[in-house]
Amino acid sequence: MQSTQSTLASNDVFAAIADPTRRAILERLAAGPSRMSDVAAPFDMTLTAVSKHVRILERAGLVSRTRRGREHVLSLDAQPLRAVSQWAAGYERFWNERLDRLEAHFTRKRTLT
C-alpha cells in the first residue's frame, strides 16, 4: 500500500500532467534543459502565465529550475512519472482482457454473417 506522502506526490503529478500546456512543456524539456524564455516562446500566453505552469510542474517534482545569471534554466526530472506509469500498468491486464473479448465478439459476429 502506498504511503500518504507518495499518494500526495502522485496526486500532484496527475494534476500537473492533466493540462496540455504543462505536457507540452515536459515534452520540450525531454529534449534537454532550456531557458525559461525559450520554453515560453511557442505558447500564445504571457511569460507570467507560463511561469505559473512551470511552478506547478516544480511542485510535482517534474521540473527543476536553476539560475545562470539572470536566466532561469529548466530541466526535466521524469522520475515522478514512474509512479504514474506503474499505476497505469496495473490496469493494462484489465483493458487487454476487455479488448480481447471485444475482438472475439466481432470475430464471432463476422463468421455468423
*Under 7 Å by Cβ, and 6 or more places apart or on different chains, what pairs join a residue from the range 65-93 that is without any contact (Cβ under 8 Å) to a residue 12 or more places away in the chain with one that is of a type in the set (Asp, Glu) and surrounded by 10 or more Cβ atoms within 10 Å (Cβ to Cβ)?*
none
*Scan the range 96-113 and report the pairs whose first residue is surrounded by 10 or more Cβ atoms within 10 Å (Cβ to Cβ) and whose second residue is assigned to a loop (DSSP other than H, G, I, E, B), with Cβ atoms within less than 7 Å and a gap of 6+ or a chain change.*
none
_Ala83 of a type in the set (Gly, Ala, Ser), surrounded by 10 or more Cβ atoms within 10 Å (Cβ to Cβ) and either touching a Gly at 6+ places or on another chain (Cβ under 9 Å) or under 29 Å from Phe14 (Cβ atoms) (or both)_ = yes
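Being farther than 24 Å from Ser10 by Cα, part of a helix (DSSP H, G or I) and among the aliphatic types (A, V, I, L, M) is the requirement here; does Leu102 meet it? Don't jump to the end; show me each part of the working.
Working: farther than 24 Å from Ser10 by Cα: yes; part of a helix (DSSP H, G or I): yes; among the aliphatic types (A, V, I, L, M): yes.
Considered against the rule, which asks whether it is farther than 24 Å from Ser10 by Cα, part of a helix (DSSP H, G or I) and among the aliphatic types (A, V, I, L, M), Leu102 comes out as yes.
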*Of all the residues that make up the range 20-65, how many are exposed (fewer than 12 other Cβ atoms within 10 Å of the Cβ) and either touching a Leu at 6+ places or on another chain (Cβ under 8 Å) or under 18 Å from Val84 (Cα atoms) (or both)?*
4
*Selection within the range 69-113 - modelled with pLDDT of 90 or more, under 28 Å from Leu26 (Cβ atoms) and among the charged types (D, E, K, R)*: Arg70, Glu71, Asp77
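The values are calculated or read from the model by the stated rules, or taken from the named source; none is laboratory data. The shown structure was predicted, so the numbers you read here are calculated from the model rather than taken from an experiment. Here the Cβ is made from the backbone with ideal geometry for all residues, glycine too, and neighbour counts use every protein chain on show.
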